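The values are calculated or read from the model by the stated rules, or taken from the named source; none is laboratory data. Computed from a prediction, not measured in an experiment: that's the story for all the values here. Because the Cβ atoms are built from the backbone with ideal geometry, glycine has one as well, and the counts that use them run over all protein chains shown.
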Amino acid sequence: MVRRQQAADRVVRPRLRSPGHPKFQRSVVAAFWVETVNGYYKTELVRGPARPGPWKTVEDLELATLGWVHWHNTQRLHGYLGDVPPAEFKQAFYADQTDRNQLAGIK
């Protein structure tokens with residue numbers, strides 16, 4: 001419980017930078033993506049049709065969140081990846097890189 005609070009304290013503290021600073025621009029983009037993922041996580045799991053019923057305990061929601069994150073990172077279809085799951089795209093990407101490295105070694 002203490003570790004969660006420490007992590008939450010670190011996340012909440014704002015860092016003040018000017019808008020022209022490159023780290024400010026990256027943090028704005030990162031914040032956008034975090035808010036986007038957080039929004040559809042809430043829509044799909046916390047409040048949406050994927051919810052099996054009212055959450056009885058925080059642990060129930062945490063366990064469901066673990067399952068949702070696993071699905072999000074491995075099984076969901078992603079439009080920018082040609083409608084394939086991220087894990088499948090990653091596997092194909094690295095297989096292609098291995099093939100290229102093998103071909104580069106042939107002279």
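Scanning the range 27-46 for residues that are of a type outside the set (F, W, Y), exposed (fewer than 11 other Cβ atoms within 10 Å of the Cβ) and closer than 19 Å to R76 by Cα yields E35, T36, G39.
With respect to being under 21 Å from F89 (Cβ atoms) and of a type outside the set (D, E), T57 falls outside the description. Residues that are aliphatic (A, V, I, L, M) and under 21 Å from A87 (Cβ atoms) within the range 34-62 comprise V37, L45, A50, listed in sequence order. If the condition is being at pLDDT 85 or above and β-branched (V, I, T), then the range 75-107 contributes only V84.
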